Amino acid sequence: MPAKIIESLQNPLVKEIVKLQQKPRERKKSGLIVAEGQREVSLALQAEIKLRHLLVCDELFVPDTHYPVTLDENQSSLVKV
């Protein structure tokens with residue numbers, strides 16, 4: 001299954017992520033966090049934290065040997081923005 005593509009700020013997933021970023025109550029209620037940036041995502045993957053979604057902007061993503069993040073186009077959690 002190829003990666004999903006988000007093209008609108010009105011997308012429900014974008015709205016959910018913004019809510020999680022801005023409201024501690026939402027994070028506590030849902031038990032979810034937002035790991036932002038390649039370093040944090042890499043550390044989360046190394047700690048075997050299960051990803052619900054992995055949002056990636058191809059134009060900004062640059063592989064980094066210190067903080068590896070493997071992008072599998074068929075990964076069900078991969079969403080391109």
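Listed values, structure above:
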quantity	calculated
Radius 14 Å from Cβ of Y67, net charge of other residues (Lys, Arg +1; Asp, Glu -1)	-2
Label-reachable residues, the stretch 44-69, where backbone N falls under 19 Å from a point 7 Å from I5's Cα toward its Cβ	54-61
Portion, in percent, of the accessible area of the stretch 26-81 that falls on carbon or sulfur, probe 1.4 Å	53 percent
Contact order normalised by residue count of the chain, Cα under 8 Å, 6+ apart, percent	48 percent
Cα gyration tensor shape for the stretch 1-46, rounded if a/c is under 1.5, else prolate or oblate	oblate
When the chain is reduced to its Cα atoms, the Kirkwood hydrodynamic radius in Å	13.6 Å
Average accessible surface area per residue within the chain, 1.4 Å rolling probe, Å²	79 Å²
Residues R27 and E59, FRET efficiency given R0 of 22 Å [Cβ-Cβ distance, rounded to 0.05]	0.20
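The values are calculated or read from the model by the stated rules, or taken from the named source; none is laboratory data. Being a predicted model, the structure only gives us computed values, none of them experimental. Counting neighbours? That spans all protein chains shown, and the Cβs are built from the backbone with ideal geometry, glycine included. Each accessible area value is taken on the protein alone, full model and side chains, heavy atoms only, with ligands, DNA and RNA left out. Shrake-Rupley method; radii C 1.70, N 1.55, O 1.52, S 1.80 Å.
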